[in-house]
Amino acid sequence: MPGTVLDRRDAIIRFGNDGWHARFDEDFTEENVGRVADALGLIWADKAPGSTIYIGFDTRHKGRLFARTMGEVMASYGLHVCISKTAVPSPAVEWTCARDMSAIGAVMLTASERSCEYGGILVRSSDGSSANRSFLDKAEALIPAHAPRSRGEVYEADLASDYLEGLAAAVDGRVFAQRRLSVVVDPMYGAGIGHLASVLERLGWGVSQIHDDPMPDFAGLHPEPIDPWADKCEQAVVASGAQMGLLLDGDGDRFAAVDETGHLLTPHQITPLLIEHLAVNRKRSGRVITTLSSSSSIIAQAELLGLEVLSLPVGFSRLYRELREQDVLIGCEEYGGIVIPSHLFERDGLLGCLLLCEMVALSGTSLSELLAQSEERLGRRCYIRRDVRLETGQISAFRNILPGLNPEKIAGRVPSEVSHADGLRLDFSDGSWVLMRPSRTDAIVRVYAEARNEHDRDELLEATCALVKAGI
């Protein structure tokens, strides 16, 4: 459980690409949540007086309390504020907001995949998408030194049921009925508890859940669907003889899957499968939008299927500008979030799980076989990411030198292409690549590497991390 909360009323609050996050025993306090709420309430009330705001929260420490504080401060500006009755996935809040013509925005109290020590705030626009950078910059500038005392009335509502109905309608129930499989669902103690399982059960599949009791400390688990946190799900699939396992992160916007052998599939293996399912099985067309730090297998799949593909710098707000166009099939980012714009202009891990289940059911084979077929067509790729933590002064120095950093070799390899479009990316003739980019909000340099095998990948990763440290 979070420790003693310090009085940090003067905390500097900065929104990153995916919201504001801070530790409960440092800056994430009721006072600071009220400060953020005041800035958001001021902007939204000025833009559309009396409009509706939706607020959701996950299963973390004092989630409902923080949601009410957020809502009551914004309601003092005359806004109509609706708070979820229970913990809900972020996509449920976004989906509800996007379908209410009176809504101008939404807020989700969550730190997503971060550990239990962290709280967070995600800000969404009227269509459910991430608030753009200019909006967040304006909000940052308006955050007051102290939370206001004024409070308004809020009301609570069920923000899950209609969303779950929409999920069930988004897939073909006949396909699920024709091949009834058994799955293990692991919401990782997060906001997805009960929600994905209920849709799958409605579709006639056998479901067992693990990590499904709300626990604010997550029992020591990080709600991120990667190893080692996915170990229990992998074991449960094998022990129960289930055909697959499905994992959701803390707020349900990202997901992963486990095949029938207990092997965890990464998002970079799942996304090409979903692209194939949408384009081949569902006969849909459109562009594939991805980020420069995502696996090249996504580009390879799009090109194989004759789909136009566009790679953008990291940051979901950048993807959103393209997703608004009518010709986008799917958007995907390096952390495993996928967006089907015909459904929602945001990542939806529950929908991703259902589409993958639909693909497996339709194929008549197993998830492991689908993956093997995909790798045979696209080639095997091994992807990894590591965060290099630096001191505050060091990260500033690294940002300054990065534009002029052009190494002749990395791990003995000569780059065939160099790009500074998003940090520094080096591509090599065999299809391998590395990318280093500093975080906007933290003293971290994120390093990504991909190659045809683990040995080459790890060599590139280690050499690039060493370069980051040597560069400061």
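Throughout, read-outs are computed from the coordinates displayed, never taken from laboratory work. Just so we're clear, the structure is a prediction, and the values are computed from it rather than from any experiment. Don't worry about glycine lacking a Cβ; one is built from the backbone with ideal geometry, like all the others, and counts go over all protein chains shown.
Footprinting exposure proxy ranking of 261, 52, fewest other C-beta atoms within 10 angstrom first, gives 261, 52.
Return one quarter of the surface area of the convex hull spanned by the alpha-carbon atoms of segment 252-346, equal to its mean projected area, in nm².
On the way: hull surface 24.4 nm².
Hull-based average projected area comes out at 6.1 nm².
For segment 1-154, taking Cα atoms only, Rg and Dmax work out to 13.9, 42 Å respectively.
Taking the three principal axes of the alpha carbon atoms in the chain, the coordinate ranges are 61, 58, 43 Å, sorted in descending order. Estimated from the Cβ-Cβ distance and a Förster radius of 41 angstrom, the FRET efficiency linking residue 369 and residue 161 is about 0.70. Per-residue Karplus couplings for segment 197-209, computed as 6.51 cos²θ - 1.76 cosθ + 1.60 with θ equal to phi - 60°, are listed in order as 4, 5, 5, 5, 5, 4, 7, x, 8, x, 10, 10, 10 Hz, Gly and Pro entered as x. Counting DSSP beta bridges in the chain, what percent are antiparallel, to the nearest 5? Among the beta bridges of the chain, antiparallel pairing accounts for roughly 60 percent.
Each residue of segment 160-165 was assigned a 3J(HN,Hα) from its phi angle through the Karplus curve 6.51 cos²θ - 1.76 cosθ + 1.60 (θ = phi - 60°); the sequence is 9, 4, 5, 4, 5, 4 Hz, with glycine and proline shown as x. Of the peptides 291-298, 405-412, the order by per-residue mean of other Cβ atoms within 10 Å, starting with the highest, comes out as 291-298, 405-412. Protection proxy ranking for 304-314, 185-195, using the average of other Cβ atoms within 10 Å per residue and placing the highest first: 185-195, 304-314. A cut-off under 12 angstrom between Cβ atoms defines the neighbours of residue 40, and their net charge, with Lys, Arg +1 and Asp, Glu -1, is +1. A crude spin-label estimate for the pair residue 452 and residue 419, with each label 7 Å from Cα along the Cβ direction, gives 2.2 nm.
Out of all Cα-Cα pairs in segment 309-350, roughly what percent, to the nearest whole number, are more than 17 Å apart? Show your work: numbers first, answer last.
Details: 163 of 861 pairs.
It works out to 19 percent of all Cα pairs.
Sorted fewest first by neighbouring Cβ atoms within 10 angstrom, 255, 428 come out as 428, 255.
Cross-link partners for residue 62 among the aspartates and glutamates, with Cα-Cα distance under 14 Å and sequence neighbours closer than 8 places in the same chain left out: 25, 30, 31, 117, 217. The relative contact order of the chain, computed from alpha carbon pairs under 8 Å that lie at least 6 residues apart in sequence, is 12 percent.
State the antiparallel share, in %, of DSSP beta bridges confined to segment 182-264, rounding to the nearest 5. Provide the component values of the computation, followed by the final result.
Working: 5 of 13 bridges.
Within segment 182-264, antiparallel bridges account for around 40 percent of the total.
Starting from the Cα of residue 430, step 7 Å along the direction of its Cβ; do the same at residue 470; then give the gap between the two resulting points in nm. Rounded to a tenth, the inter-label distance reads 2.0 nm. Please work out whether segment 382-471 counts as rounded, prolate or oblate from its C-alpha gyration tensor, where a ≥ b ≥ c are the square roots of the eigenvalues and a/c under 1.5 means rounded, while otherwise a/b larger than b/c means prolate and anything else oblate? It comes out prolate by the Cα gyration axes. Here the sum of -39500 (n - 2.57) over DSSP H runs of 4 or more residues, divided by the residues of the chain, equals -10500 deg cm²/dmol at 222 nm, to the nearest 500. What the Cβ-Cβ distance of residue 231 and residue 326 gives, at R0 = 45 Å and to the nearest 0.05, is a FRET efficiency of 0.60.
Rounded, prolate or oblate: which fits segment 282-392, taking a ≥ b ≥ c as square roots of the Cα gyration tensor eigenvalues, rounded meaning a/c under 1.5, else prolate when a/b beats b/c?
It comes out oblate by the Cα gyration axes.
Arranged from fewest to most other beta-carbon atoms within 10 Å of their beta carbon, 283, 47, 138 become 283, 47, 138. For residue 132 and residue 386, the difference between the fully extended length at 0.36 nm per residue and the C-alpha to C-alpha distance is 88.8 nm. Peptides 167-175, 127-135 ranked from most to least packed give 127-135, 167-175, packing being the mean of other C-beta atoms within 10 angstrom over each peptide's residues. Taking Lys and Arg as +1 and Asp and Glu as -1, the other residues whose beta-carbon sits under 14 Å from that of residue 281 total +2.
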